[in-house]
Amino acid sequence: MHEYSLVQALLQQVEAEARARQASAVHRVTVRIGPLAGVERALFATAYQLSVPGTLCENAALVMTGEDIIWRCQVCDARIPDGSVLTCPACGWPARLAGGDALVLERIELEVPRERT
């Protein structure tokens, strides 16, 4: 269950960004999780809920988005169709994974003080 350590790292990053902007609260945290990221979404959500009390993220909603699995040719960069053999139909080279394995902090919605003019 490495999701707990991933959430701890996420919260550290969010809180560092919030402090840098003098935020008084975090309202929403959006992460993108690909199907090949090795992250169990339900465990990640549970770890988040158990980890946020006492942090700036205590009342922040967690939004999880996804991404498609994308394979591309490592030579000509052609997209390899889903469900096909992982070699390029154009040039025969092996495919490389180009998407679907990400765990990315995409967005943080913060409450920050207004700038004085």
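The values are calculated or read from the model by the stated rules, or taken from the named source; none is laboratory data. Predicted model only: the values in this text are computed from it and were never measured. Ideal geometry is used to build each Cβ from the backbone, glycine not excepted, and the neighbour counts take in all protein chains shown. Just so you know, the surface numbers come from the protein's heavy atoms only, side chains and all, with ligands and any DNA or RNA stripped out. Shrake-Rupley method; radii C 1.70, N 1.55, O 1.52, S 1.80 Å.
Could you give P(r) for the chain, binned at 5 Å from zero, as whole percent values over all Cα-Cα pairs?
Histogram of Cα-Cα distances, whole percents per bin: 2, 11, 18, 16, 12, 10, 9, 8, 7, 4, 2, 0, 0.
Calculate one ³J(HN,Hα) per residue across region 98-108 by plugging θ = phi - 60° into the Karplus curve 6.51 cos²θ - 1.76 cosθ + 1.60, and present them in order as whole Hz with x for glycine and proline.
Along region 98-108, the couplings run 10, x, x, 10, 8, 10, 10, 6, 8, 7, 10 Hz.
Measure out, as a whole number of angstrom, how far apart the alpha-carbon centroids of region 87-106 and region 9-76 sit.
Taking the Cα centre of region 9-76 as reference, the centre of region 87-106 is 23 Å away.
What whole-number value in Å² describes the accessible area per residue of region 55-106 for a 1.4 Å probe? Intermediate results must be reported in sequence, preceding the final value.
Values: 3130 Å² over 52 residues.
For region 55-106, the per-residue accessible area is 60 Å².
Based on the Cβ-Cβ distance from TRP93 to HIS27, what FRET efficiency comes out when R0 is 41 Å, to the nearest 0.05?
Between TRP93 and HIS27 the formula returns 0.35.
Once amide H atoms are built 1.01 Å from N in the peptide plane, which residues 5 or more positions from VAL63, or in another chain, come under 5 Å H to H?
Here the answer is VAL29, THR30, VAL31, since their amide H atoms fall under 5 Å of that of VAL63.
Scan around GLY99 for amide H atoms under 5 Å from its own, H built in the peptide plane at 1.01 Å from N, and keep only partners 5 or more places away or cross-chain.
Amide H neighbours of GLY99, under 5 Å, 5+ apart: ILE70.
May I ask you to compute the full-extension gain from SER5 to ASP77, defined as 0.36 nm times their residue separation minus their alpha-carbon distance, rounded to one decimal in nm?
On the way: separation 72, 0.36 × 72 = 25.92 nm, distance 3.45 nm.
This chain segment gains 22.5 nm when fully extended.
In region 92-108, whose amide N lies under 15 Å from the spot 7 Å out along Cα-to-Cβ of THR55? List them in ranges.
Answer for region 92-108: 104-108.
Can you send over the carbon and sulfur percentage of the accessible area for the chain, probe radius 1.4 Å, protein chains only?
49
Ranked from the most accessible area to the least, with a 1.4 Å probe and all protein chains present, what is the order of ARG96, ARG21?
Ranked from most to least accessible, the order is ARG21, ARG96.
Can you pull out the GluC sites (Glu not before Pro) in region 59-117 whose DSSP state is coil and whose Cβ has at most 15 other Cβ atoms within 10 Å?
For GluC sites (Glu not before Pro) across region 59-117 that sit outside H, G, I, E and B with at most 15 neighbouring Cβ atoms in 10 Å, the list reads GLU115.
Report the paramagnetic label zone for GLN13: residues of region 25-40 whose backbone N is under 13 Å from a point 7 Å from Cα along the Cα-to-Cβ axis.
Under 13 Å, as judged by backbone N against the label point of GLN13, lie 29-34 of region 25-40.
Okay, helix-only estimate at 222 nm for the chain: each DSSP H run of n ≥ 4 adds -39500 (n - 2.57), divide by all residues, round to 500 deg cm²/dmol; what do you get?
Per the formula, -8000 deg cm²/dmol.
Kindly report, to the nearest 10 Å², the accessible surface of THR65 as traced by a 1.4 Å probe over protein heavy atoms only.
For THR65, solvent-accessible area is about 50 Å².
What are the ³J(HN,Hα) couplings of region 53-62, residue after residue, when phi is run through the Karplus curve with 6.51, -1.76, 1.60 and θ = phi - 60°? Round to Hz, x for glycine and proline.
x, x, 10, 5, 8, 3, 10, 8, 6, 9
Which ³J(HN,Hα) values, rounded to whole Hz and listed in residue order, are derived for region 33-38 from phi using the Karplus coefficients 6.51, -1.76 and 1.60 in 6.51 cos²θ - 1.76 cosθ + 1.60 with θ = phi - 60°, glycine and proline given as x?
Each residue of region 33-38 in turn: 10, x, x, 9, 6, x Hz.
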